Amino acid sequence: MAEEGSSPSQGTAVKSKPGGDGGPSGGDDDAARAVEQTKKGAAGPRPGDRPTVSDYEIATYYFDLACERLGLPDDVREVMRTPYREMSVQIPVRMTDGTMRVYSGYRVQHNGARGPYKGGVRYHPHADIEEVRALAMLMTWKTALVNIPYGGAKGGVNCPGDQLDKRELQTISRSFMDKVEKILGPNRDIMAPDLNTDAQIMAWMMDEYGKLNGYTPAIVTGKPIELEGSYGREAAVGRGLVYLFREAAPNLGLSPPESTCVVQGFGNVGYHTASIMHQLGVKLVGVSDVNGAIRNELGIEPAELRQFIREGGKLPEYEHGEAIDPEELLEVECDVFIPAALGGMIREENAERIACKVVLEGANSPTTPAADRILEEKGIYVIPDLLANAGGVVVSYFEWVQNMQHFRWDEREINDKLGSIMRHAFREVSALAKRRELSLRIACWELGIERVVDAARTRGYI
Ligand code: NAD
């Protein structure tokens, strides 16, 4: 068994921020708000803006809060907070217009106590070492929460992935893989798609890794079906979200065929969630992407909208919807609001206006701590990111298991297995939340951290 993560002293030490911005030591409400107060005055979130509260601040806020509640000693906290290993690489690219650009690529392996590091790679101008570090930490608790044998990692390249042509994307993907492959491996660290990365990018990465190490499909997940990808992986995050909505709905007095939803972000996660919700009869009454937002009380057909965009249309110009300001999307009345874009988009300034009964978090860290308080005060039921969007890594795990055996399960088997893992995790988290009188979010953090601490103790390195 590879010993990744077995000794924290082997990794590159990083500066941690004990207490972090808005850490819990100063009290609950105050601490949550403190994260945002220092950032006031920033413009409202226009598509492409950097969020006023970073993913790192959100992650460390909840980490500190959960550790405080669990009474973890400081030294254990430090091991759990800091990543095992971080890598930053230079990616020079000759663009199609002849200019030269230099991007930065990152891979952060947060904790490997429970298994090989696992996590997506995103191509976005906001990607920097702090954001990737935060997302890697989330993966550690997420894989523990759904109880699959992985640690947590994340990758990112600070390029505008949605604006590059195919040749540029291929060059960046191969170059990134060339530079980080030494710390990867099917028993060491396995990448997957995330923001602005997809099955094609995974195929190039697998091919590049194969040139250096021989045919190794298990080096990345989220691959195309014809290259040992798994049935059900592309829709897995959306399907997982919908399984949880169905599980929670009866207790909330909601019935899918009579429900409505709004989706923020219409990429892999947003589209598939909207589409599977649509199959259940849930009406999509508002949707946005990087170009803008639309609403329609009569319902928007997700597959038709996707087709319109694939043919070159811009979402706000879709004829079966009324174009609205992206900030107004939160005010569109609905039963379920599904953030499926960037982190930090539900914030103190706009949370009050959100007009839904349930927030089902598809994106990572979409809600700042202060906004979370406001949602709680408004009586909105939040199914948090750590649990809600875990369907992607669960089916990535199935893909990896199939690849290790060069074997394939059919889609029905995948979806059934995904459903039972998601439902089981939801019940475990709900029971813990009830027992300890916590929100689902804090229960997720506590359960995830406890499982990783247990594994680290059993291995003998804390
Ligand atoms: P994607 O690149 O496929 O789609 C992102 C969507 O968000 C696009 O429609 C884009 O136009 C839109 N968007 C970007 N900026 C926006 C803005 N400011 N306002 C509104 N919309 C905006 O990415 P994805 O894979 O769907 O990931 C979305 C989120 O889900 C991310 O937070 C990601 O970390 C998270 N997530 C993804 C996976 C996965 O397997 N893909 C798994 C778990 C979580």
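The values are calculated or read from the model by the stated rules, or taken from the named source; none is laboratory data. Worth saying up front: this structure is predicted, and the values here are computed from it rather than measured. Note: ideal-geometry Cβ built from the backbone for every residue, glycine included; neighbour counts use all protein chains shown. Surface areas here come from the heavy atoms of the whole protein model, side chains and all, with no ligands, DNA or RNA. Shrake-Rupley method; radii C 1.70, N 1.55, O 1.52, S 1.80 Å.
Hey, got the dipole for the range 228-324? About the Cα centre, +1 on K and R Cβ, -1 on D and E Cβ, debye to the nearest 20?
Values: 8 positive and 12 negative charges, 49 e Å.
Roughly 240 debye for the range 228-324.
Got the relative contact order for the chain handy, in percent, Cα pairs under 8 Å and 6 or more residues apart?
Working: 951 pairs, mean separation 74.2, N = 462.
Taking the mean separation of contacting Cα pairs over the length of the chain, I get 16 percent.
If you roll a 1.4 Å probe over the heavy atoms of the protein chains, what accessible area per residue do you get for the range 263-337, in Å²? Before the final figure, lay out each step's value.
On the way: 3320 Å² over 75 residues.
Spelled out: the 1.4 Å probe surface of the range 263-337, per residue, equals 44 Å².
Let me test this: with uniform point scatterers at the alpha carbons of the chain, what is the Debye-based log₁₀ I(q)/I(0) at q = 0.11 1/Å?
-0.84
Over the chain, what percent of the accessible surface lies on carbon and sulfur atoms, probe 1.4 Å? List each step's numbers first, then the result.
Numbers: 8590 of 18060 Å².
Roughly 48 percent of what the probe reaches on the chain is carbon or sulfur.
Taking the Cα centre of the chain as origin and charging only Cβ (+1 Lys, Arg; -1 Asp, Glu), how large is the dipole, in debye to the nearest 20? Working shown, then result.
On the way: 53 positive and 67 negative charges, 281 e Å.
I would put it at about 1360 debye.
Taking a probe of 1.4 Å, how large is the accessible area per residue of the range 82-222, in Å²? If you can, show how the numbers build up before the last one.
Working: 4430 Å² over 141 residues.
Using a 1.4 Å probe on heavy atoms only, each residue of the range 82-222 averages 31 Å².
For the pairs LYS142/LYS357; LYS118/LYS417; LYS142/LYS166; LYS179/LYS223; LYS154/LYS314; LYS142/LYS417, note any where the Cα-Cα span goes beyond 27 Å.
Pairs exceeding the cut-off: LYS142/LYS166; LYS154/LYS314.
So, in Å, what gap is there between the alpha-carbon centers of the range 262-312 and the range 92-129?
28
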